[in-house]
Every structure is written in structure tokens, then in C-alpha cells.
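The values are calculated or read from the model by the stated rules, or taken from the named source; none is laboratory data. None of these values were measured; they are calculated from a predicted model. Counting neighbours? That spans all protein chains shown, and the Cβs are built from the backbone with ideal geometry, glycine included.
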Ligand SMILES: Cc1cc2nc3c(=O)[nH]c(=O)nc-3n(C[C@H](O)[C@H](O)[C@H](O)COP(=O)(O)O)c2cc1C
């Protein structure tokens with residue numbers, strides 16, 4: 001798949017997730033074959049950029065191309081300026097967030113709330129597309145609620161505005177994350193527009209990715225929560241979609257090394273205090289994904305107050321997990 005000048009190495013991409021898709025996690029998922037990995041969303045309100053949190057969100061050092069920055073906002077001019085500023089800082093694709101359901105975001109008519117105002121959507125897309133000479137992509141839900149599922153209209157507006165690719169989460173804003181994602185609207189969207197479409201929502205296995213692609217006709221899939229504690233999912237999905245023989249399962253020793261390297265990269269990126277805190281979330285997911293009895297390890301890893309203590313616990317517990325398998329063999 002091509003987005004502007006960029007030929008993607010894979011059509012399986014990482015979903016933008018605030019609090020998760022920081023630079024270390026993006027690099028990790030890309031190393032397992034995610035075709036794209038957008039940044040956590042950045043507000044278009046430049047007055048809020050002078051915080052370490054915002055600065056980290058705009059940091060792409062060492063990230064493979066193309067570097068995607070997601071922006072959230074509602075003012076066409078502000079979004080255009082924010083897009084320009086991020087391109088100057090190294091963004092190679094600008095992604096616009098019209099999918100976030102959070103009250104904090106929707107209250108200000110951002111994220112998925114924008115779907116209720118199609119004229120404003122058109123103004124925003126036109127403004128941002130005209131402001132930058134890099135591809136602009138869009139992420140949406142299927143509508144505000146089930147009585148106002150206007151995803152097809154929005155997709156047509158996007159295609160007519162010069163949006164280079166569209167990702168669609170198969171839920172309305174009112175659904176939040178409840179129930180199962182539906183793919184009919186994504187199929188309808190794909191039938192109407194000729195820009196690349198990524199299907200998103202509840203894709204958690206290689207088989208599900210294949211089914212969703214077949215059902216919707218989408219060009220690619222976007223995976224969010226199924227990557228938590230399992231950044232290697234992209235490798236498995238890519239292999240399945242390419243109908244290659246199943247990729248060999250990672251050895252436990254390899255997984256341990258990946259986790260420890262991930263921890264290291266978080267500590268370097270965030271520093272001592274924030275590093276321990278952010279790593280807890282990922283360690284909790286790794287424990288849930290991998291360990292038969294995660295409680296003891298979780299307690300130690302989530303309770304550790306320094307990077308050194310947390311890292312030592314990680315070595316101990318994941319080393320034990322590697323040895324368990326060796327003893328059983
Ligand atoms: C913790 C978390 C944070 C998220 N943050 C964003 C965000 O900043 N921008 C966005 O467009 N979507 C965001 N999303 C939505 C995801 O990109 C994705 O659409 C959603 O999780 C459904 O995909 P999944 O079922 O594969 O997880 C977030 C989701 C989660 C779970």
C-alpha cells in the first residue's frame with residue numbers, strides 16, 4: 001500500500017493510543033512488522049505544547065519512516081498550524097483524530113464529536129491538507145451513535161478533501177468500547193471511496209485480521225489493544241496474511257530479552273520517575289499475556305519504586321519463566 005510517497009512495508013498498522021504508543025512502543029511494534037505507527041494524539045492548541053508530555057509526544061528520534069503524528073482539535077486554522085509545526089519537527093504523515101470518544105476531548109468538540117458536524121469536518125480537512133505538503137490521513141468512528149452512523153458521508157468528504165488514507169473503528173462514539181465492533185459500515189465505506197481504508201476494532205488474531213479484510217474489502221487492518229503485552233502480534237498477522245508458513249513462535253528467552261530491552265528504552269525515554277510508572281502498565285500486560293500465575297510477578301513489578309528495582313524483578317520473574325520451560329522440555 002502507498003500513502004503519498006511512502007510504500008508501506010505492511011498493511012497491518014498500529015493504532016494510535018494515548019498513553020501507549022510512545023516512541024519506544026512505536027519502534028518496538030515497527031520492528032515486528034507494523035506498517036505504520038502513529039504518535040499519541042497531540043492537541044492542536046500550541047499553548048499546551050510547552051510541557052514535557054507534549055514534547056515527548058513530538059519526539060521521533062530513531063523512528064523508522066514514515067513518522068506519523070496524530071493531531072486532535074476542532075479549529076481548522078489551529079489544526080493547520082499544528083500540522084505545519086509538526087512537519088517542521090519531522091512528521092512525514094499527519095493523522096487527524098476524529099475517533100476519540102473521551103469526554104475530555106469530545107467536550108471541546110474534538111475527536112469523535114466532530115462527526116456530528118460534517119461541514120466543520122470538511123473545513124478542517126481542507127485546511128490541513130492545504131497547509132502541509134505531506135500526506136494527511138484521518139481516523140474516525142462510524143458515527144456519533146447508532147441513529148447517526150454517518151461514516152460513509154464522512155469518508156466521502158475525506159476522499160474529496162484529499163485525505164490520503166482513512167482508518168475506521170467499527171463503533172460509534174456512543175458505543176465507547178462496549179459490544180463488538182461492526183464491520184458492515186467499514187465495508188460500505190470501502191465500497192464508496194477509492195482511498196486506502198484500514199479496518200479497526202477488535203482485531204486480535206491473525207485469523208480475525210483475514211476475516212475482517214475479506215468481509216470489508218479494506219486495504220489494511222489497524223490493531224490497538226491486541227498489541228498490549230504482545231507487540232509481536234504484527235509478525236504473526238503479517239505472516240498469516242502473506243499465507244506463509246506460520247512464523248516460528250518466539251523462544252521464551254527471546255521474549256524475555258524483548259521485554260528487558262523494552263524496559264530499558266522506556267527508562268531512557270522517560271527518565272527515572274516517569275519511566276517506572278509507564279513501565280508498570282506494559283509489565284502488567286506482559287504478565288497477563290505470558291505468565292500462568294501472574295499475581296506474584298505483577299505485585300513485585302508494579303510495586304517497585306525505582307527503575308533498578310523494577311528491572312531486577314523483571315529479570316528475576318521472566319528468567320524463572322524461561323527456566324520453567326527449559327525444565328519442562
Ligand atoms: C488506551 C487507548 C488510547 C487510545 N488513544 C487514542 C488516540 O489517542 N487517538 C485515536 O485516534 N484513537 C485512540 N484510541 C482508539 C484506538 O486507536 C482504536 O481505535 C481502538 O482501541 C479500537 O481498536 P482495537 O480494538 O484494536 O483496540 C485509544 C484506545 C485505547 C485502548
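Residues that are more than 12 Å from the ligand (Cβ to nearest atom) and part of a loop (DSSP other than H, G, I, E, B) within the stretch 158-177 comprise 161, 162, 163, 164, 172, 174, listed in sequence order. Here residue 204 passes the criteria (1) within 16 Å of the ligand (Cβ to nearest atom); (2) surrounded by fewer than 17 Cβ atoms within 10 Å (Cβ to Cβ); (3) within 22 Å of residue 302 (Cβ to Cβ) except the one numbered (3).
Checking the stated criteria, residue 74 turns out not to satisfy the condition of being modelled with pLDDT of 95 or more and either part of a loop (DSSP other than H, G, I, E, B) or more than 21 Å from residue 281 (Cα to Cα) (or both). Entry remark, the stretch 45-58: residues being within 20 Å of the chain's Cα centre (by Cα) and within 16 Å of the ligand (Cβ to nearest atom) number 5 in total. Considering the stretch 100-136, and only residues there that are in a loop (DSSP other than H, G, I, E, B), under 24 Å from the mean Cα position of the chain (by Cα) and at pLDDT 80 or above, the residue that is surrounded by the fewest Cβ atoms within 10 Å (Cβ to Cβ) turns out to be 133.
Within the stretch 129-157, the set of residues being within 16 Å of the ligand (Cβ to nearest atom) and under 20 Å from residue 14 (Cα atoms) comprises 136, 137, 138, 139, 140, 141, 142. Within the stretch 30-45, the set of residues being under 15 Å from residue 231 (Cβ atoms) and surrounded by fewer than 24 Cβ atoms within 10 Å (Cβ to Cβ) comprises 30, 31, 32, 33.
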